[in-house]
Amino acid sequence: MEKPPPIIDTRYEPIFCPCCGQTIEDLDNAVMCGTCRELHHLECWEGNRGCCTPGCPAAPQQAAAPPPFASASPDAPYHTTHSPTPPSYQPWFPPSGPVSGVPSPHGGLHEFARYGSWLWVISLLVLVVLLSTTLSLPIIVALALHTGDPAAVLANPFVLFVIIALEDAAFVGVVYFLLVRRKITSWRDMGLRGAPTLRSLGLGGLWGTLFVIASSAVELLMRLFGVEQTQGAQFPLGQGGVAGTVAIWVAGIILAPITEEIFFRGFIFRAMALRKGYVKGVVYSSLVFGLVHLNLEAFLPISIGAAILAVGYKRSGDLWVPIIAHALNNLVAFLLLTFTAG
């Protein structure tokens, strides 16, 4: 029985553009054909108006065969044929799909990109809400019946910790079972490559500082118009003693940044940017992130902060960067809230 071809590791094997025959060095400016899954230089793809791979159904009808790698030159002309076929997907990072026609263990960019449609994004958000509600509602109802005071149950920091933990589990669970377990993408594709490094900490601190400055500036501007940010009011800091405060801190500074960045940046932002383009991916995913917090007064600063996280993630290719930045912003907010609550 013939053995399947080996998987090419893009970190060590050169990748050749089928248009010009030159190696692709800058993967941020590469385009993958959604049909044959060959990587192209962005300028080669645009110059050829589509795929350059001979025999590919998405290639222009009269596309010539690419020159041999040995005789290719940097000045090799683009193919001049025209095709109505637009670029399948936008340039992205890192290449998680097949290279040079070799099957990928992670499903390919074209399969991942379909989850960037609005139908999928809204459906998965609804799924997360249903899952977290299904898991937490029995606990809330049971405690409310036991104490006879539903308001006190929701104001209990330990109950809130459990609710947040279950919601975070729903975020990660949807990503794992829908994408990672089915090998459409992987944790490594998202930028989780082991423990955070010193580079991750440094960049996370930088982008987190920008997050704090930008959101604070927006909040101060909103106050000039009489709008007060009320996002912190949902956290019952000052209740439950030291243990209650620690529980809220763990939920808000550790659990929430990790799970929300996996879902909103590692998944939704990547998929939407791949399908709709980088700028639209930043804008749309950030607006979604602001909306899911269900707080009109906090919508603008949260959305702007989410855009900063998305840009930092794209520029670094490391999901730990927005996680650390998110945690830093929440740490500053929780410090202020804790001291205010006494």
Val282 vs. criteria within 13 Å of the chain's Cα centre (by Cα) and of a type outside the set (D, E, K, R): yes
Test: Glu25 is at pLDDT below 70 and in a loop (DSSP other than H, G, I, E, B): no
So Ser132, is it assigned to a helix (DSSP H, G or I), within 21 Å of Gly312 (Cβ to Cβ) and touching a residue at least 24 places away in the same chain (Cβ under 8 Å): no
Members of the stretch 297-311 that are farther than 14 Å from Ile268 by Cα and among the β-branched types (Val, Ile, Thr): Ile302, Ile304, Ile308
Residues of the stretch 28-54 satisfying the condition of being of a type in the set (Gly, Ala, Ser) and not in a strand (DSSP E or B): Gly34, Gly47, Gly50
Only one of Asp168, Asp189 that is closer than 21 Å to Ala298 by Cα and acidic (Asp, Glu): Asp168
Tally, over the stretch 140-188, of residues that are under 16 Å from Phe235 (Cβ atoms) and either in a helix (DSSP H, G or I) or polar (S, T, N, Q) (or both): 16
Residues that are surrounded by 20 or more Cβ atoms within 10 Å (Cβ to Cβ) and either touching a residue at least 60 places away in the same chain (Cβ under 8 Å) or over 22 Å from Tyr284 (Cα atoms) (or both), drawn from the stretch 296-315: Ala298, Pro301, Ile302, Gly305, Ile308, Leu309, Gly312, Tyr313, Lys314
Selection within the stretch 181-192 - buried (at least 16 other Cβ atoms within 10 Å of the Cβ) and farther than 20 Å from Ala256 by Cβ: Ile184, Thr185, Asp189
Qualifying residue in the stretch 266-285 (condition: buried (at least 23 other Cβ atoms within 10 Å of the Cβ), farther than 21 Å from Ile184 by Cα, modelled with pLDDT of 95 or more and not charged (D, E, K, R)): no
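The values are calculated or read from the model by the stated rules, or taken from the named source; none is laboratory data. Only a predicted model underlies this, so the values are computations on that prediction, with no experimental measurement involved. In this analysis, Cβ positions are derived from the backbone assuming ideal geometry, glycine residues included, and neighbour counts consider all displayed protein chains.
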